[in-house]
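Working notes for the structure below.
The values are calculated or read from the model by the stated rules, or taken from the named source; none is laboratory data. As the structure is a computational prediction, the values presented were derived from the model and not from experiment. All Cβ positions, even for glycine, are placed from backbone atoms using ideal geometry, and neighbour counts span all protein chains on display. When the accessible area is computed, the model is the full protein with side chains, heavy atoms only, and any ligands, DNA or RNA have been set aside. Shrake-Rupley method; radii C 1.70, N 1.55, O 1.52, S 1.80 Å.
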Amino acid sequence: MPLMIQMPKLGHTMTEGTVLKWHKHAGDQVREGETVLTVETDKAEIEIESPAAGVLARVLAGEGVVVAVGLPLGEIVRAGESASEAAPATAFNKEASSSAQNSGALGAASTSTLNASAGKRVAASPRAKRLAAERGLDLSSVAGSGPDGLITEDDVRKISAAEVHAAPSIAPAAAARPLVASRREKLTRIQAVGARNLAASWNAIPHFVQMVRVDMSRALAARSAIKGSGSRVTITDVILAATVIALKENPRVNASYSEGERLLYDEINLGIAVDTPDGLLVPVIHDAGALDVAGISARAAELAERARSKQLRPADMENATFTVSNLGAAGIENGTPVIFAPQAALMFVGAIHDQVLAIDGRAEVRPAMQLAIAYDHRALDGASASHFTTRVKALLEAPDFLGLNATANPAAVTRHREVTIDAIGDSLKTRVTYGSLGWTLSAEDASAPDPVSSFLGALGSCLLMSLRVAARARNLTVGKSSVTARANEKGHLREIQVELQVETGAGDDKLHRLVEVAERGCHIRAMIRDEIAVALKVTRI
Amino acid sequence: MRTITYAQAIKEALEEEMRRDPSVVLYGEDVANFGGIFQITSGLQEQFGEDRVFDTPISENALVGAAVGAAITGLRPVVELQFADFLFTTGDEIVLKAGMWRYVHGGAYKVPMVVRCPSGAAGVGPEHGQCPEAFFMHSPGLRIVSPSTPADAKGLLKSAIRDDNPVLYFEHKLLYATKGEVPEDPDFLVPLGKAAVRREGDALTLVAISAMVPKALKVAERLAKEGHHIEVIDPRSLNPFDRPAIIESVKKTGKIVVAEESYKTLGVGAEIGAMLMEEALEYLDRPLKRVAMPDVPIPTAAVLEQFVIPNEEKIYAACRELLA
């Protein structure tokens, strides 16, 4: 049988797409996987490949035509086959292009997208559901015309054929001198869909916005320090990382409102609004909660580059749970943003510039910026939202999470000698958390050190540090130094061999004395029970 | 083709089958001397003699019971009930004997008999005006036919007489005088279990039974003028029932109205609705609509009778509701 190339469904909300360009013409040979045409979806341009080698027998939807998901675009005939006769070779083009009158159907349907959120029952006739399934259409956003709003077969056929059109002329009939537009700019598909979705968000979501001013001096200093070490982390990345931490601590912000329920997500999928020549795109850093600032930075840079070069895949823009919109670079200080439904909140980031702040009773000039966070009032009240708003501010004003505390600001050091250990699922693995740092231990495989190896690391490190402290106290020069610590491979800990390698000009006596002092001064060594043999050996490098 | 009435078509079927097969006998209350309460059998005793056409005492239970006995011992009796309502008097003989004995006795007997049942509200009140097909659709073993045209009246009766199972043959009183073309061919038969598409369309499926068929066709005509081309299906036979015909039509239209003169609860429409739920749910675009007799005794007062009988207006309104 000939193969139909169909309008793919590239996202949960996608109901139709536009044929942008055919790279092959009817009659052309195509290889399997070769790009046949480009379609434009709500969010991106997608290249569609041939599902098989053969001939592009027919083009069923011309360039510029809007086609519902699941409907055929072209037909590939493999060697030895003949083209199907049933397919409507030209009817489809006509139907799609003559459906201007139908534009109301889709427009009306889309405004209700947000009302029909996850889990809500879709009242559609069985026949309508069957047709929608055949065409890959999502009925959750369709307004039914049947009894009690039942979605009928006709409704499904209408959305299949409907085309999105810009609003009709705005010239008021009664005006003495009608205002006539000198030219009309058709919105790109991305802009048109964005316009529709934003209007729907604005209509459906009762917004409230909280604004705070953030002293960015320490965040900027910390970022400079990181940058000095060769990292490409930007101040925006620092803001994103702070946002992720605040989201972890305020799960109700990383959520959606749905018909009397709050849907909370474990995953933090951070949408980042990116300006492109075609309009605003919002690629998503998925599972940002698992990334540190460097990881976020790398991912954000990659996505922004792909957005600008039109290489974003639909999956790159799916399932955001929170969005950050940064207009700081454009010099905007503050704004009242619109949430992207069904997310519960969106954070607007303003420009950073020097401002006079009252610090400890004195006027000081500090680099500062404003944050404006819009919340869905159905999902959150002002008090719980304020915990998030102020937490983002606090994290940026004391950016300990960047791990630069000791040098950047001694006063902000995470408490010593306190770690938290969480079991990972039901595995024999744990996550050790120390301030904003962390590491994993494993007793079941080699994916991470086991607790004993970790202990050997602590012992060796402690001995090494003690040695260097002792050396300093005695004005002895110690160059390179390292430790190898080894224990019996299995069973209870019975013996530990520690080999210290030290580069020093000190004589043997002094060196051995140094090691003795180091061993005595090492708190970890002091904890080891007497029956466990610890053999300490020192060699020179 | 010549045109005759529904009543004449029934009589013609009886004559032809009695001529064709000497085992066909005909009896009932007043069928011989008087020619039957609706004059269907008038003159048949003269034609076929007192052995084959005779009157019985006023006991439907006895005459149907005797027919069961005659059928299992080799005759093909056709008995006439004056009114279909009298079937209730014959309950045990019809339901438990006629319907079940062929099965219960392991196929040792056949029960080739026909009970003619004049049905339908016609100013005769609650005990003489019912269309009780649905009661007997519930009973296993009974064939049930309800012809709506003279040709079907003849063709279905001839098939019924030749069938080796008991057949309840519902002839609607208000159809007796209706006329239509009827083949003269003595081998003209209409098979049991085959529905007729009376009018083709794709906007809606209107299933009409017996006297509802001509009403349905008028409704279809009216809707066509309004731009809705509906399909009218006449099942003709309710057991066996032509499910595929209805399912195929519903696949096309997605909407269905059933018009019948049986009571609404557990009526023919109820069975069709349940059948569609089981076999064709995914093709339905609207809830099924039933236009049926409300669950009340049929009033004797003419105005009230007209109030409860399904008529063109009610069928039209139901269709419009689904077409909206």
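Using the Karplus relation 6.51 cos²θ - 1.76 cosθ + 1.60 with θ = phi - 60°, the per-residue 3J(HN,Hα) values for the range A:483-490 come to 9, 10, 10, 9, 10, 4, 5, 10 Hz, with x marking Gly and Pro. For the protein assembly as shown, the fraction of 1.4 Å probe accessible surface lying on carbon and sulfur atoms is 54 percent. The coefficient of translational diffusion for the range A:254-326, derived via Stokes-Einstein from the alpha carbon Kirkwood radius under 10 °C and 1.306 mPa s, stands at 124 µm²/s.
The A-B contact accounts for approximately 800 Å² of buried accessible area, totalled over both chains at a 1.4 Å probe radius.
For A:LEU37, the residues whose amide H sits under 5 Å from its own are A:HIS23, A:ILE48, ignoring neighbours fewer than 5 places away on the same chain, with H placed 1.01 Å from N. Note on B:LYS158: aspartates and glutamates with a C-alpha under 18 Å away, same-chain residues under 8 apart excluded, are B:GLU12, B:GLU15, B:GLU16, B:GLU17, B:ASP21, B:GLU80, B:GLU171, B:GLU181, B:GLU184, B:ASP185, B:ASP187.
Could you work out, residue by residue across B:286-295, how many beta carbons of other chains sit within 10 Å of that residue's beta carbon, and then give the average as an integer?
Numbers: counts 8, 4, 0, 0, 0, 0, 0, 0, 0, 0.
What the average comes to for B:286-295 is 1.
Solvent exposure of the protein assembly as shown amounts to 48 Å² per residue of accessible area, where only protein heavy atoms count and the probe is 1.4 Å.
List the trypsin sites (Lys or Arg not before Pro) within the range A:209-288 that DSSP assigns to loop and that have no more than 13 neighbouring Cβ atoms inside 10 Å. Intermediate results must be reported in sequence, preceding the final value.
Details: sites: A:ARG213, A:ARG218, A:ARG223, A:LYS227, A:ARG232, A:LYS248, A:ARG252, A:ARG262; in loops: A:ARG232, A:ARG252.
Here the sparse-neighbourhood loop sites are A:ARG232.
Which FRET efficiency value, to the nearest 0.05, do you get for A:ALA225 and A:GLU516 by plugging their Cβ-Cβ distance into 1/(1 + (r/R0)^6) with R0 = 41 Å? Using R0 = 41 Å, I get an efficiency of 0.60. Look at the stretch A:143-150: the mean tally of other chain Cβ atoms within 10 Å of its residues' Cβ atoms is 2.
When all alpha carbon pairs of the range B:196-323 are counted in 10 Å bins from zero, the resulting P(r) reads 14, 48, 31, 7, 0 %.
When peptides B:32-40, A:388-396 are sorted by average Cβ neighbour count within 10 Å, with the highest value leading, the order is A:388-396, B:32-40.
Any idea what diffusion coefficient the range B:3-181 gets from Stokes-Einstein, in µm²/s, Kirkwood Rh on alpha carbon pairs, 20 °C, 1.002 mPa s?
Rounded to a whole number, D works out at 135 µm²/s.
Magnitude of the charge dipole for the range B:2-123, about its Cα centre and with charges confined to Cβ atoms of Lys, Arg (+1) and Asp, Glu (-1), is about 480 debye.
Straight-line cross-link partners of A:LYS186 among the aspartates and glutamates, defined as a Cα under 14 Å from its Cα and at least 8 positions apart when in the same chain: A:GLU163, A:ASP278. When Rg and the Kirkwood Rh are both derived from Cα coordinates, the Rg/Rh ratio for chain B amounts to 0.97. Using 1/(1 + (r/R0)^6) with R0 = 30 angstrom and r between the beta carbons of A:ALA123 and A:ARG313, what's the FRET efficiency to the nearest 0.05? Between A:ALA123 and A:ARG313 the formula returns 0.35. Translational diffusion of the range A:209-254, estimated by Stokes-Einstein from the Kirkwood radius over alpha carbon pairs at 20 °C in a medium of 1.002 mPa s, is 179 µm² per second.
Across the range B:206-212, computed HN-Hα scalar couplings (Karplus, 6.51 cos²θ - 1.76 cosθ + 1.60, θ = phi - 60°) run 10, 8, 10, 10, 6, 5, 6 Hz from first to last residue, x flagging Gly and Pro.
Taken one residue at a time, the phi angles of the range A:200-209 give Karplus couplings (6.51, -1.76, 1.60, θ = phi - 60°) of 5, 4, 5, 6, 8, 9, x, 7, 9, 10 Hz. Gly and Pro are set to x.
How large is the charge dipole for the range A:424-474, taken about the Cα centre, if only the Cβ atoms of Lys, Arg (+1) and Asp, Glu (-1) carry charge, to the nearest 20 debye? Intermediate values should be presented prior to the final figure.
Numbers: 5 positive and 4 negative charges, 110 e Å.
It works out to roughly 540 debye.
Partners of A:LYS537 within straight-line reach, counting lysines whose Cα lies under 19 Å from its Cα and excluding those fewer than 8 residues away in the same chain: A:LYS480, A:LYS510.
Taking every residue in A:127-133 and counting other chain Cβ atoms within 10 Å of its Cβ, the average works out to 4.
Near the amide H of A:VAL30, within less than 5 Å, lie the amide hydrogens of A:GLY54, A:VAL55, A:LEU56, all on another chain or at least 5 residues away, with H placed in the peptide plane. Filter A:LYS129/A:LYS248; B:LYS225/B:LYS255; B:LYS110/B:LYS252; A:LYS43/A:LYS158; A:LYS158/B:LYS251; A:LYS429/A:LYS490 down to the pairs with a C-alpha to C-alpha distance above 29 Å, please. Beyond 29 Å between Cα atoms: A:LYS129/A:LYS248; B:LYS110/B:LYS252.
Compute the normalised compactness of the protein assembly as shown: alpha-carbon radius of gyration over 2.2 N^0.38 Å, N being the residue count.
1.51
Which whole-number percent of Cα pairs in the range A:206-324 have a distance greater than 25 Å? More than 25 Å apart: 29 percent of the Cα pairs in the range A:206-324. Springs join every pair of Cα atoms under 10 Å in this Gaussian network model of chain B, and among B:PRO77, B:PRO235, B:PRO244 the largest mean-square fluctuation is at B:PRO244. If only the Cβ of Lys and Arg carry +1 and only the Cβ of Asp and Glu carry -1, the dipole of the range A:175-249 around its Cα centre is close to 420 debye. Measuring how big the range A:247-381 is from its alpha-carbon positions, Rg and Dmax come out at 16.4, 52 Å.
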